[in-house]
6 protein chains.
Amino acid sequence: MATCGLIEYENAGPEVRAVYDDIMATRKTDWINNFWKALAHDITTLRRTWESVKQIMAPGALDPLTKEMIYLAVSATNQCAYCIASHTAGARKAGMTDAMLAELMAVTGMANETNRLASGYQVEIDERFKT
Amino acid sequence: MATCGLIEYENAGPEVRAVYDDIMATRKTDWINNFWKALAHDITTLRRTWESVKQIMAPGALDPLTKEMIYLAVSATNQCAYCIASHTAGARKAGMTDAMLAELMAVTGMANETNRLASGYQVEIDERFKT
Amino acid sequence: MATCGLIEYENAGPEVRAVYDDIMATRKTDWINNFWKALAHDITTLRRTWESVKQIMAPGALDPLTKEMIYLAVSATNQCAYCIASHTAGARKAGMTDAMLAELMAVTGMANETNRLASGYQVEIDERFKT
Amino acid sequence: MATCGLIEYENAGPEVRAVYDDIMATRKTDWINNFWKALAHDITTLRRTWESVKQIMAPGALDPLTKEMIYLAVSATNQCAYCIASHTAGARKAGMTDAMLAELMAVTGMANETNRLASGYQVEIDERFKT
Amino acid sequence: MATCGLIEYENAGPEVRAVYDDIMATRKTDWINNFWKALAHDITTLRRTWESVKQIMAPGALDPLTKEMIYLAVSATNQCAYCIASHTAGARKAGMTDAMLAELMAVTGMANETNRLASGYQVEIDERFKT
Amino acid sequence: MATCGLIEYENAGPEVRAVYDDIMATRKTDWINNFWKALAHDITTLRRTWESVKQIMAPGALDPLTKEMIYLAVSATNQCAYCIASHTAGARKAGMTDAMLAELMAVTGMANETNRLASGYQVEIDERFKT
């Protein structure tokens with residue numbers, strides 16, 4: 001029940017189709033997930049968001065699997081159900097095993113815990129960390 | 001200005017010293033950062049937190065650098081200044097270059113953006129992601 | 001499945017009905033949404049919350065549409081599904097067009113991204129911003 | 001460096017002074033902390049916020065110490081440095097010992113961890129919890 | 001639709017069963033909720049998380065009801081639907097009445113509000129709170 | 001103490017200078033704030049972030065002042081000290097009065113409160129909001 005509805009490929013205009021085509025070509029897949037269909041009512045946001053994601057998630061100093069796992073860790077921290085579902089799928093496609101998922105979740109959970117211990121106890125930053 | 005103050009090694013009792021010694025041996029370092037000194041007033045939490053962190057951050061299906069970077073991504077998402085400082089240092093010690101940091105931050109920022117686009121537009125989870 | 005159930009108008013006592021009546025009169029509507037029905041088990045919270053919302057959302061230095069959009073931006077940031085749904089409806093009733101919604105979401109997403117870049121990179125506040 | 005500055009008692013008008021007087025009388029103290037002085041530029045928000053806090057924090061089904069500890073748990077979760085400082089002081093004044101603080105922080109940290117494990121693993125709510 | 005599925009008691013190996021047995025014995029109940037079944041694919045995380053929760057939630061300087069309510073306040077703040085459901089049930093089992101729930105939610109809501117007023121207005125921490 | 005330091009105009013290469021020049025021209029100002037100087041070590045992120053911000057914050061269906069206020073509401077919700085400082089300045093430059101700021105903060109605070117009441121009480125979304 002996306003706010004403005006979902007725009008399917010067959011109902012999309014040429015500008016939206018061009019983005020959809022690039023998503024499918026880049027990701028080597030034959031379908032478009034709902035996130036993009038929900039953004040497609042606003043071609044400016046659709047195009048900018050896709051171009052940004054495409055640039056950021058490309059292989060670089062970090063490999064695509066590491067990037068997908070970081071995306072999933074952030075999404076779990078923010079409790080975004082949609083993004084957890086989509087990036088769990090994305091990370092698996094990029095090679096994440098069950099053992100890697102388990103460690104990713106363990107680190108994510110622990111970081112959320114110690115973040116609160118550090119601020120809850122008002123711990124000041126060590127001088128050594130400032131340089 | 002940690003809530004209960006910081007317990008230095010020379011003022012610590014044998015139980016706290018045992019944890020401090022294990023932290024320094026495990027991390028191959030000769031100092032203890034403030035986080036642990038602030039927890040040391042409560043030996044139960046100090047010991048449980050360290051044992052958990054030690055277990056979780058050990059090499060496994062994911063390498064220590066990847067784990068440190070995930071920790072940093074979560075800490076940046078939660079805006080925990082202490083943890084951002086300490087895990088930036090930790091990730092660098094584990095081998096994170098400036099180029100890797102830049103990509104880590106880019107992914108973290110983008111994930112925080114699309115998390116809100118997905119929920120803000122009330123996007124429903126694709127059936128394909130549910131299986 | 002609200003924790004304490006929903007109190008419908010016909011089952012409500014006079015104190016709750018008085019709040020419901022004021023909500024409908026103020027909002028020029030003939031129904032009460034679930035949020036208020038879920039709070040109605042606690043007349044103190046129901047009354048205080050409604051009086052606060054009524055005062056805060058009234059036209060003032062900011063118009064009601066701007067206020068509804070700010071409410072929606074916060075709700076999307078917090079990923080509160082109920083509030084996203086109810087304040088999307090509220091903002092539309094107040095005059096939000098699809099184009100305005102698209103820009104609202106774009107700003108909300110971007111702010112969530114740059115919030116993490118600023119804290120993730122440990123950027124210090126400029127002196128000029130402090131005065 | 002509060003955005004609009006801090007309004008001291010001696011510079012406050014009669015409406016602000018009336019709120020300040022009630023805060024000091026209710027809390028049995030002789031000073032006003034910065035939070036209220038920063039709100040005082042907007043008498044409407046100052047008065048509404050104080051009246052709400054006064055009502056909510058009064059003894060009821062929960063005692064004031066429990067309420068202060070819940071306030072602190074939420075503030076640590078949100079990483080609000082000001083509120084952590086002020087409600088640590090408030091909880092201590094209400095009787096929180098170091099041992100209670102330690103357990104409060106342990107619960108807060110753990111809840112933040114398992115919140116992410118539950119959503120990160122996409123755990124569905126048990127039927128038994130829905131009734 | 002937990003990511004790795006749910007492991008039922010009858011399908012669990014001896015290590016997982018040992019944890020399940022301890023959960024049921026400690027909590028004086030005859031069933032295991034989905035959270036643990038979802039973690040059971042990773043015996044390390046299952047065991048560590050349970051041992052931590054068991055230690056933290058045991059009676060100490062704070063009673064179990066207070067601890068469950070703090071857990072619920074954090075879960076509501078983080079908007080974790082699963083944890084809100086499970087810890088509402090847990091707190092009720094520990095003795096939380098509707099009146100206590102109402103006050104717990106009122107404090108949680110108010111803390112979330114004033115957290116943002118304090119940081120939004122850039123209120124500096126009072127010197128008195130620093131010592 | 002930005003993680004990678006701040007790149008001043010006089011030390012910047014031509015690509016970074018081009019972005020700085022465009023920021024100053026677009027914003028009709030003669031200085032660059034620290035956020036951009038901290039990003040400048042990564043020309044890709046600097047350029048993409050600026051191009052996105054420039055596009056999103058331009059006048060459109062919403063005016064620049066409304067956009068700056070939404071940015072500030074999100075930043076206060078996320079407790080990002082840097083962004084609160086910079087967007088308070090940005091909103092004021094765009095015309096935000098003290099009275100508008102006060103109402104903006106009141107709405108932001110209230111939204112954060114009711115977000116938690118809605119999820120804490122497990123309120124289901126009204127059918128009317130789904131269409």
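The values are calculated or read from the model by the stated rules, or taken from the named source; none is laboratory data. Just so we're clear, the structure is a prediction, and the values are computed from it rather than from any experiment. All Cβ positions, glycine included, derive from the backbone under ideal geometry; neighbour counts span all protein chains shown. Heads up: the accessible areas ignore ligands, DNA and RNA and are worked out on the full protein's heavy atoms, side chains in. Shrake-Rupley method; radii C 1.70, N 1.55, O 1.52, S 1.80 Å.
Using just the helices of chain F, give the 222 nm mean residue ellipticity in deg cm²/dmol: DSSP H runs with n ≥ 4 each add -39,500 (n - 2.57), and the total is spread over all residues, rounded to 500. Could you put the intermediate results ahead of the total?
Values: 6 runs with 86 residues, N = 131.
Result for chain F: -21500 deg cm²/dmol, rounded to the nearest 500.
Within 10 Å of each Cβ in peptide B:95-104, how many partner chain Cβ atoms are there on average? Round it to a whole number, please. Don't jump to the answer; show the numbers that get you there.
On the way: counts 0, 2, 1, 5, 5, 4, 8, 13, 14, 6.
Average per residue, whole number: 6.
I need the Kirkwood Rh of the protein assembly as shown: take the reciprocal of the average 1/r across all distinct C-alpha pairs and report it in angstrom.
Working: mean 1/r = 0.0376 Å⁻¹.
Here the Kirkwood hydrodynamic radius works out to 26.6 Å.
A:I43 label points, 7 Å along Cα→Cβ, one per copy: pairwise distances from this copy to the rest in nm, shortest first?
The answer, with the shortest distance listed first, is 3.1, 5.4, 5.8, 5.8, 7.0 nm.
What is the average number of partner chain Cβ atoms found within 10 Å of a Cβ in B:4-16? Walk me through the numbers before you get to the answer.
Working: counts 7, 0, 4, 0, 0, 0, 0, 0, 0, 0, 0, 0, 0.
Mean partner-chain Cβ count within 10 Å for B:4-16: 1.
How much net charge surrounds A:A2 when only other residues with a Cβ under 9 Å from its Cβ are counted (Lys, Arg +1; Asp, Glu -1)? Provide the component values of the computation, followed by the final result.
On the way: positive: A:K37; negative: B:E124.
Combined, the nearby Lys, Arg, Asp and Glu give 0.
Could you tally the net charge around C:E68, taking each other residue with its Cβ under 12 Å from the Cβ of C:E68, Lys/Arg +1 and Asp/Glu -1?
Taking every other residue near C:E68 into account, the sum is +3.
Sorting A:H87, F:H41 by accessible area (1.4 Å probe), largest first, what list results?
On the way: A:H87 25, F:H41 95 Å².
Highest to lowest solvent-accessible surface, that is F:H41, A:H87.
Summarise the partner chain shielding of C:43-51 as one whole number: the mean count of Cβ atoms from other chains within 10 Å of each residue's Cβ.
Numbers: counts 1, 6, 10, 1, 0, 8, 7, 0, 3.
Across C:43-51, the average partner-chain Cβ count within 10 Å equals 4.
Over all Cα pairs of chain D, how is the pair count split among 5 Å bins, expressed in % and running from 0 up to the last occupied bin?
Using 5 Å bins, I get a P(r) of 2, 9, 15, 18, 16, 13, 11, 7, 4, 3, 1, 0 for chain D.
List the pair-distance distribution P(r) of segment D:58-122, using every Cα-Cα distance, as the percent of pairs falling in each 10 Å bin from 0 up to the bin containing the longest distance, rounded to whole percents.
Bin by bin from 0 Å, the calculated values are 21, 48, 24, 7, 0.
Report, in whole Å, the centroid distance computed from the Cα atoms of segment D:40-93 and segment B:111-131.
With segment D:40-93 and segment B:111-131 each reduced to a Cα centre, they are spaced 34 Å.
Assigning unit charges at the beta carbon (Lys, Arg +1; Asp, Glu -1) and nothing else, what dipole magnitude in debye, to the nearest 20, does the protein assembly as shown show about its Cα centre?
Numbers: 78 positive and 96 negative charges, 0 e Å.
Using Cβ point charges on Lys, Arg, Asp and Glu, the protein assembly as shown gives about 0 debye.
What is the sum of charges around A:A91, taking Lys and Arg as +1, Asp and Glu as -1, for the other residues whose C-beta is under 14 Å from the C-beta of A:A91?
Combined, the nearby Lys, Arg, Asp and Glu give 0.
So for D:D30, D:D42, what's the accessible-area order with a 1.4 Å probe, most first? Don't jump to the answer; show the numbers that get you there.
Working: D:D30 120, D:D42 30 Å².
From most accessible down to least: D:D30, D:D42.
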